[in-house]
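The structure appears below as structure tokens.
The values are calculated or read from the model by the stated rules, or taken from the named source; none is laboratory data. Since the structure is predicted, the reported quantities are computational estimates derived from the model, not experimental observations. Note that each Cβ is placed from the backbone with ideal geometry, even for glycine, and that neighbours are counted across all protein chains shown.
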């Protein structure tokens, strides 16, 4: 799968996650194809897929702060770390 397919798969998985929905989180593909995660219209950060990994970059940052090989890992990080802040 290419990056856009991987990003779309992650976006759909994040959108389907009930605990994230209950906390007010949404996910959408941005203009570059990366997955933008926001809460109540405030961007929390972006997931992007490259070379077999998902990378999380916090809003306002220029460098990724987390990497995982699976969309399950990305969902877990979003739920346990990002949605707690």
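In segment 15-24, what residues are within 12 Å of the chain's Cα centre (by Cα) and at pLDDT 95 or above?
15
Kindly state which strands (runs of 3 or more DSSP E) lie completely within segment 18-85 and contain at least 3 residues that are surrounded by 16 or more Cβ atoms within 10 Å (Cβ to Cβ), touching a residue at least 24 places away in the same chain (Cβ under 8 Å) and touching a strand residue (DSSP E or B) at 6+ places or on another chain (Cβ under 7 Å).
On the way: elements: 25-29, 35-39, 42-50, 53-58, 66-68.
Where strands (runs of 3 or more DSSP E) fall fully within segment 18-85 and carry at least 3 residues being surrounded by 16 or more Cβ atoms within 10 Å (Cβ to Cβ), touching a residue at least 24 places away in the same chain (Cβ under 8 Å) and touching a strand residue (DSSP E or B) at 6+ places or on another chain (Cβ under 7 Å), they are 42-50.
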